[in-house]
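**Student:** Okay, here's the structure, questions in a sec.
The values are calculated or read from the model by the stated rules, or taken from the named source; none is laboratory data. What you see is a predicted model, and the numbers here were worked out from it, not measured in a lab. Counting neighbours? That spans all protein chains shown, and the Cβs are built from the backbone with ideal geometry, glycine included.
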């Protein structure tokens with residue numbers, strides 16, 4: 001069984017709390033390379049931590065907020081003009097994703113959405129709770145509780161014999177229990193320490209439900225300054241920009 005690497009290219013929130021980069025998680029195996037989310041700072045973080053854009057076969061998006069998908073226009077532009085990509089690029093995520101990505105390209109670089117790239121861009125909109133095989137990856141989307149103008153998801157990704165689940169942004173939902181069942185790694189947002197907030201999960205709620213989660217390892221991410229100030233209190237492992245683990 002192949003070992004896979006998980007690198008946190010960005011572990012921050014939308015506001016750059018603690019000087020952290022926005023959400024972007026790189027999964028590397030012998031079979032493929034993929035990103036879980038691609039926040040607005042993703043291109044910067046990839047170059048800072050030595051990840052080559054041509055090594056990314058696919059980008060999986062949890063929801064359509066800029067700190068989770070806003071780096072895609074920059075990724076595509078670099079792939080066309082700098083990295084000189086020739087292999088296809090798969091971008092998978094919730095319904096409405098293709099339209100929103102093309103609109104974001106036009107906002108940032110007018111005319112760019114109409115340019116014919118030297119590589120194929122394949123958009124795959126994921127249905128909820130239906131396992132989907134995309135290249136070397138099996139992915140299942142689970143509905144999250146997070147308003148983003150389109151469905152928001154938690155994603156279960158199975159690659160090279162390992163299972164990684166990422167909560168995206170969400171309030172607590174029982175669907176997370178199903179999503180993480182048997183997972184090797186659960187990457188979960190914990191925006192506040194114990195304050196309850198619409199659209200987000202806090203650390204204390206996660207701890208209260210930890211016994212319901214059948215997974216081998218949990219890492220919390222997407223932390224506000226409130227959480228960063230309490231890192232010394234955390235029982236669970238937490239993400240840092242550049243942190244790499246091997247499964």
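**Student:** Within the stretch 55-72, does at least one residue satisfy the condition of being in a helix (DSSP H, G or I), crowded, with 17+ Cβ neighbours inside 10 Å and touching a helix residue (DSSP H, G or I) at 6+ places or on another chain (Cβ under 8 Å)?
**Tutor:** yes
**Student:** Residue under question is residue 21, and the condition is that it be closer than 22 Å to residue 238 by Cβ, in contact (Cβ under 8 Å) with a residue 24 or more places away in the chain and in a strand (DSSP E or B); does it hold?
**Tutor:** It is false that residue 21 is closer than 22 Å to residue 238 by Cβ, in contact (Cβ under 8 Å) with a residue 24 or more places away in the chain and in a strand (DSSP E or B).
**Student:** Continuing with the same structure: Identify, from the list 19, 50, the residue that is closer than 19 Å to residue 221 by Cα and modelled with pLDDT of 95 or more. So that I can check it myself, show each step before the final result.
**Tutor:** Values: 50 fails: closer than 19 Å to residue 221 by Cα.
Within the list 19, 50, the selection yields 19.
**Student:** While we're looking at this one, here's another question. Are any of the residues in the stretch 140-162 out of contact with any helix residue (DSSP H, G or I) (no Cβ under 8 Å at 6 or more places or on another chain), under 16 Å from residue 220 (Cβ atoms) and crowded, with 24+ Cβ neighbours inside 10 Å?
**Tutor:** Scanning the stretch 140-162 turns up no residue that is out of contact with any helix residue (DSSP H, G or I) (no Cβ under 8 Å at 6 or more places or on another chain), under 16 Å from residue 220 (Cβ atoms) and crowded, with 24+ Cβ neighbours inside 10 Å.
**Student:** What residue, among those in the stretch 193-208 that are in contact with a helix residue (DSSP H, G or I) (Cβ under 8 Å, 6 or more places away or on another chain) and surrounded by fewer than 20 Cβ atoms within 10 Å (Cβ to Cβ), is nearest to residue 162 (Cα to Cα)?
**Tutor:** Here the answer is 193.
**Student:** Is it fair to say residue 34 is buried (at least 20 other Cβ atoms within 10 Å of the Cβ), under 27 Å from residue 161 (Cβ atoms) and at pLDDT 95 or above? Before the answer, list the steps.
**Tutor:** Values: buried (at least 20 other Cβ atoms within 10 Å of the Cβ): yes; under 27 Å from residue 161 (Cβ atoms): yes; at pLDDT 95 or above: yes.
When the stated conditions are applied, residue 34 passes them.
**Student:** Now, a different point. Sort out which residues of the stretch 35-45 are in contact with a strand residue (DSSP E or B) (Cβ under 6 Å, 6 or more places away or on another chain), closer than 21 Å to residue 87 by Cβ and part of a helix (DSSP H, G or I), and write them in order of number.
**Tutor:** 42
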